[in-house]
Amino acid sequence: FIRVIPSVITNELMHEFSLNASMLGFISSLFYYAYTAMQIPSGLMCDRFGPKRLLVVGLFGCGLATIFFGSTHSAASISIARFISGAMSAFAFICPLVLTSNWFPSQYFALIAGIIQTMGCLGAIFGGGPLAVLVNQYGWRTTLSYAGLIGIALSCLVLFFLCFVFCYFLSQ
């Protein structure tokens, strides 16, 4: 969902920040640069700090960066927000893979990794339509602020689920 934000609000960003197409393309690409660069460090961090913590931190960071993206008034700031979103999103792929390797038999790893990848792609594929409707209805800043709040709420839900509910069932 966060991946497709600039493609949905292209006209608004170009108008409000006086961006040309190449500048907007660069700002949009910062997500992917950060996401790619964080793949190995996020794996190392999962080994050091644990995937549950980092998954919550990544969700929370994406939520904050999305709120920041929606509230800022400079091209430099949206660039920073986009970069942070990409860096934090790396945890959304690596942490579930680590959790899968810890919680499930190895024969299911490929299947679950495929499901994780599919879920990420489905968010990008189907997130644009609802996002466009919400942007048309409420404006891009309001939509991104609420999307960021939903991300923060999801981080709290994941924290509760991973740290309390799932751990309770594992201890039984």
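The values are calculated or read from the model by the stated rules, or taken from the named source; none is laboratory data. Nothing here was measured: the structure is a model prediction, and the numbers come from that model. Don't worry about glycine lacking a Cβ; one is built from the backbone with ideal geometry, like all the others, and counts go over all protein chains shown. Quick note on the areas: whole protein, heavy atoms, side chains included, nothing else; ligands and nucleic acids left out. Shrake-Rupley method; radii C 1.70, N 1.55, O 1.52, S 1.80 Å.
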Inter-label distance, nm, simple model (7 Å from Cα along the C-beta direction), F104/I125 = 1.9
Taking springs between alpha-carbon atoms closer than 10 angstrom, which of P130, P51, P105 fluctuates most in the Gaussian network model of the chain?
-> P105
Alpha-carbon centroids, the range 1-44 and the range 89-157: separation in whole Å | 16
Please compute the net charge surrounding S155, taking Lys and Arg as +1 and Asp and Glu as -1 over other residues with Cβ under 13 Å from its Cβ.
-> +2
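How would I152, I80, I9 line up by accessible area, probe 1.4 Å, largest first? It would help to have the intermediate numbers written out before the result.
Working: I152 35, I80 90, I9 0 Å².
Largest to smallest exposure gives the sequence I80, I152, I9.
How big is the shadow of the Cα convex hull of the range 12-67, averaged over all directions, in nm²?
Numbers: hull surface 18.1 nm².
Directional mean of the projected Cα hull area for the range 12-67 stands at 4.5 nm².
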Relative contact order (%) - criterion: Cα under 8 Å, at least six apart; region: the range 20-172 | 35
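How much of the accessible area of the range 23-154, probe 1.4 Å, is carbon plus sulfur, in whole percent?
Working: 5090 of 6910 Å².
On the range 23-154, the fraction of accessible area on carbon and sulfur atoms equals 74 percent.
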On average, how much accessible surface per residue is there in the chain, in Å², for a 1.4 Å probe, leaving out ligands, DNA and RNA?
-> 56
For the range 40-90, evaluate the Debye formula with one uniform point scatterer on each Cα (no solvent term) and list log10 I(q)/I(0) at q = 0.20 Å⁻¹, rounded to two decimals.
-> -0.65
Quarter of Cα convex hull surface for the chain, i.e. mean projection, nm² = 10.3
